[in-house]
Amino acid sequence: MLEIKNLKAGVEGREILKGIDLTINAGEVHAIMGPNGSGKSTLAQVLAGREAFEVAEGSVTYKGQDLLELAPEVRVREGLFLAFQYPVEIPGVNTTYFLRAAVNAVREHHGEAALNAVDFLKLMREKIELLQLDEALLKRSVNEGFSGGEKKRAEILQMALLDPTMAVLDETDSGLDIDALKVVAHGVNELKRADNAQLIITHYQRLLDYIVPDFVHVLSDGRIVKSGGKELALELEEKGYDWITNGELQTA
Amino acid sequence: MSADTETIDRFVAQEYKWGFVTDIEADTLPPGLDEDVVRHISAKKNEPEWLLDWRLKAFRHWQTMEEPHWPQVKYDPIDYQAVSYYSAPGAKDKDRPKSLDEVDPKLLETYEKLGVPLHERARLAGVAVDAVFDSVSVGTTHKEELAKHGVIFCSFSEAVQEYPELIKKYLGSVVPYTDNFFATLNSAVFSDGSFVYIPKGVRCPLELSTYFRINAAETGQFERTLIIADEGSHVSYLEGCTAPMRDENQLHAAVVELVALGDAEIKYSTVQNWYPGDEDGNGGIYNFVTKRGICKGARSKICWTQVETGSAITWKYPSVILRGDDSVGEFYSVALANLAQQADTGTKMIHLGKNTRSTVISKGISAGKGQNSYRGLVQMGKNATNARNYTQCDSLLIGSRCGAHTFPYIEVKNPTAQVEHEATTSKIGEDQIFYCNARGIETQDAVNMIVNGFCKEVFRELPMEFAMEAQALMDVSLEGSVG
């Protein structure tokens, strides 16, 4: 589904990703872990198409297409979704209105008729129930004045509505208390299917107590330095990132 | 940040869709301004002696005045002798059309193209329109229906002939001919405009609307609107305006006077879409307008709503004098300064009576190299016991080459008066745009969504028929704005 080859990218001439190779197939959940500054968020932003990040080398193929050639809005319409680490506030724009515009942009891309307000509300209620969210959020402006937890839940609601085939979650667990973490994890697990895939980017192992990955990759200084099964996450938790960054891995 | 700036600064190219010229014969005065021009305009209109005298007093006073330079706008000096002060469609020797049936088809076609059809079969339902083309009114729709209710809605020139007592009583009663440089100039040379009188206790059955069109080159438009709402009456009035695209600047100096007697209500909405000039500041209309209403009687209400998207320079401060006790003044404004546009706009709320209340909601949007200033005065007179004002003044910046400025003035002479002022400034950030993109929403749609969200408190004050139009106009005015 997603194939990243020797991806090198940076911002303002500074190289952050120094050659990433990663293949994700349908039905798989991958976790990328790594210390601060290792390039985790850069990877997420490059996949979503943020212009400020320049790709110097390498390729990203998504469902057979050159992902890097697609505009950000086309990427998400094609099913590649990014849940933001820091969801952006948009004052004055009603959340329900925003979500409907997003859903209809995706539907129109696939030649489906736009949903009217009534049908959309029905769809949204369904997803809210599934994710056990609070409907009151929808009456407010997009992310405006939301708590950290509310923002992350709203991201998961957007993910549920847009029904991506490839979801990238950028540190969705950061800043969440344990209850919020459970709600978010519950949502992500509910949305998992055999024909979609998830890439979970996280600093801490604790999210992986609730979302069980098939593969764990360790990112350090712009490279994936180790890959393994879910047990790798536990090992990291125990030994800390120093274990990787102090060079033992290269000889291991 | 460089990439951010670059993304948003591609916010310029805009197409003005009303920039065409109607090729029509016109009776145009040669450029220049002296007493003879004033006499000539007055004679053209068969005006009574007192009105000519009033014009001449204004002209003589104007000659002693200096153009104001306190607004936060920059422009080359205006040569008032290079402007033609009168241009009317139609040949010199031809009589003015007596009804819409006699109006030149080219004119009807022009208004049709502008989306304001005048002829019977395509008229806007529920809206009566007075169409002003350069210096004259070419026709007014739905007159008969309005007459049934005793409502007078006609061109200013017609009102001078038909209702001279009303004109004599109210002309200059809110904006005296000595008021300010541009209002005084208007008083000397005004050519036409609209007149409205709503009798006691009548709720005007239709929206009234005037559509101002500048067509002729090197011509100024100086129209004058007078609306009188007698006791207990109610009227909603809307004006729209467009002009051809030209490299030269054109002058538009209008005066609007509103009079609300006891328990009357006037709602005055403007969708101003004069040609804004290009991104380097060439061409466009200089819009120097004086608008003022007086809440003369107790419990009367005047509400100004304006959506200002056009003009190279906008200089206007629709104001309310709250003389009647318990009277209410409101001002809702969206002002857009895109390209190289400059807007210095706001309001004055002059509280004289007891328990008078005013609300000011101003939304300034700056994009491109636009400069947007809010300038507002709230004055609480010494008899304005328990008067209240609430002012909210928000600025939205798009890109990094534009500017927003706020100049609030507050004068309070009564200790029981309450004045509140809130102000915010925000910027459409590249992060907001990217967030919308990442949800499948195109950049232009994202900008429109954010701008409309920002403006919605004002848009919802517009008459329903025009709220959608204003939103669409805002979208078009920001078209091609963000890359």
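General remarks:
- Of all residues in segment B:233-260 being at pLDDT 95 or above and within 15 Å of B:ILE302 (Cβ to Cβ), the one that is farthest from the chain's Cα centre (by Cα): B:SER233
- Some residue of segment A:32-41 being closer than 22 Å to A:GLY229 by Cα, crowded, with 17+ Cβ neighbours inside 10 Å, more than 10 Å from chain B (Cβ to nearest Cβ) and of a type in the set (S, T, N, Q): yes
- Boolean, A:GLU108 is surrounded by fewer than 17 Cβ atoms within 10 Å (Cβ to Cβ), more than 22 Å from the chain's Cα centre (by Cα), farther than 16 Å from A:MET159 by Cβ and acidic (Asp, Glu): yes
- Residue within segment A:165-187 that is modelled with pLDDT of 90 or more and polar (S, T, N, Q) present: yes
- For the criterion of being under 17 Å from the mean Cα position of the chain (by Cα) and more than 10 Å from chain B (Cβ to nearest Cβ), A:LYS122 fails.
- Every condition in (1) free of Cβ contacts under 8 Å to residues at least 60 places away in the same chain; (2) closer than 30 Å to B:ILE350 by Cβ; (3) more than 14 Å from chain A (Cβ to nearest Cβ) is met by B:GLU461 except one, and the failing one is (1).
- Considering segment B:446-458, and only residues there that are crowded, with 21+ Cβ neighbours inside 10 Å and touching a Phe, Trp or Tyr at 6+ places or on another chain (Cβ under 9 Å), the residue that is nearest to the other protein chains (Cβ to nearest Cβ) turns out to be B:MET449.
- Restricting attention to segment A:100-150, the residues that are within 19 Å of A:VAL76 (Cα to Cα) and in contact (Cβ under 8 Å) with a residue 40 or more places away in the chain add up to 4.
- Options B:GLU158, B:GLU162, B:GLU144: the member that is modelled with pLDDT under 90 and surrounded by fewer than 22 Cβ atoms within 10 Å (Cβ to Cβ): B:GLU144
- Lone unmet requirement of (1) under 23 Å from B:GLU430 (Cα atoms); (2) at pLDDT 95 or above for B:THR391: (1)
- Wholly within segment A:47-112, strands (runs of 3 or more DSSP E) carrying at least 2 residues that are out of contact with any Gly (no Cβ under 8 Å at 6 or more places or on another chain) and within 11 Å of chain B (Cβ to nearest Cβ): A:80-83
- B:LYS200 passes every criterion in (1) surrounded by 22 or more Cβ atoms within 10 Å (Cβ to Cβ); (2) within 24 Å of B:ALA298 (Cα to Cα) apart from (1).
- Against the list (1) buried (at least 22 other Cβ atoms within 10 Å of the Cβ); (2) away from chain B (no Cβ under 14 Å), the condition A:GLU135 fails is (1).
- Subset of segment A:165-220 that is among the acidic types (Asp, Glu) and closer than 30 Å to A:VAL106 by Cα - its residue that is surrounded by the fewest Cβ atoms within 10 Å (Cβ to Cβ): A:ASP195
- Qualifying positions in segment B:23-37 - small (Gly, Ala, Ser) and over 12 Å from B:ALA216 (Cα atoms): B:GLY32
- Restricting attention to segment B:323-371, the residues that are within 17 Å of B:LYS413 (Cβ to Cβ) and among the β-branched types (Val, Ile, Thr) add up to 2.
- Residues that are surrounded by 18 or more Cβ atoms within 10 Å (Cβ to Cβ) and hydrophobic (A, V, I, L, M, F, W, C) within segment B:31-67 comprise B:LEU33, B:VAL37, B:VAL38, B:ILE41, B:TRP54, B:ALA58, B:PHE59, B:TRP62, listed in sequence order.
- Against the list (1) out of contact with any Asp or Glu (no Cβ under 8 Å at 6 or more places or on another chain); (2) over 23 Å from B:SER157 (Cβ atoms), the condition B:ALA243 fails is (2).
- Residue in segment B:420-435 that is aromatic (Phe, Trp, Tyr) and over 23 Å from A:GLY92 (Cα atoms) present: no
- When restricted to residues that are among the aliphatic types (A, V, I, L, M) and either free of Cβ contacts under 8 Å to residues at least 60 places away in the same chain or in contact with a Ser or Thr (Cβ under 9 Å, 6 or more places away or on another chain) (or both), segment A:40-64 contains 5.
The values are calculated or read from the model by the stated rules, or taken from the named source; none is laboratory data. Treat the numbers as computed from the prediction; the structure is a model and nothing was measured. FYI the Cβ positions are ideal-geometry reconstructions off the backbone, even for glycines, and counts take in every protein chain you see.
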